[in-house]
């Protein structure tokens, strides 16, 4: 599978993560939401996944902590999709 396709999947996962952070509706998530939104818009503009990869990894860590505390709030699929950013960053 191409890096472009993987980057598009990470973009989708980042969008889902941002939506989930919004749904959780806690002030401590406002920073990650704005960073994810910025990186998504940037990727849409220039197709450079660097920001997506960086913040997908941060979102993955944050959502893993949420899942530990409340397992039903975060899907395993979302965490797996965000985890792919680690694989892409290792190939870069």
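Taken together, the values in this text are just the output of simple stated rules run on the coordinates, not laboratory data. Since we're looking at a predicted model, the values are computed, not measured. Every residue, glycine as well, gets a Cβ built from its backbone with ideal geometry; the counts of neighbours run over all protein chains shown.
Observations, loosely collected:
- Restricted to region 24-92, the set of helices (runs of 4 or more DSSP H) holding at least 3 residues that are without any contact (Cβ under 8 Å) to a residue 24 or more places away in the chain and touching a strand residue (DSSP E or B) at 6+ places or on another chain (Cβ under 6 Å) is empty.
- The numbered conditions (1) free of Cβ contacts under 8 Å to residues at least 40 places away in the same chain; (2) assigned to a helix (DSSP H, G or I) are all true for residue 6 except (1).
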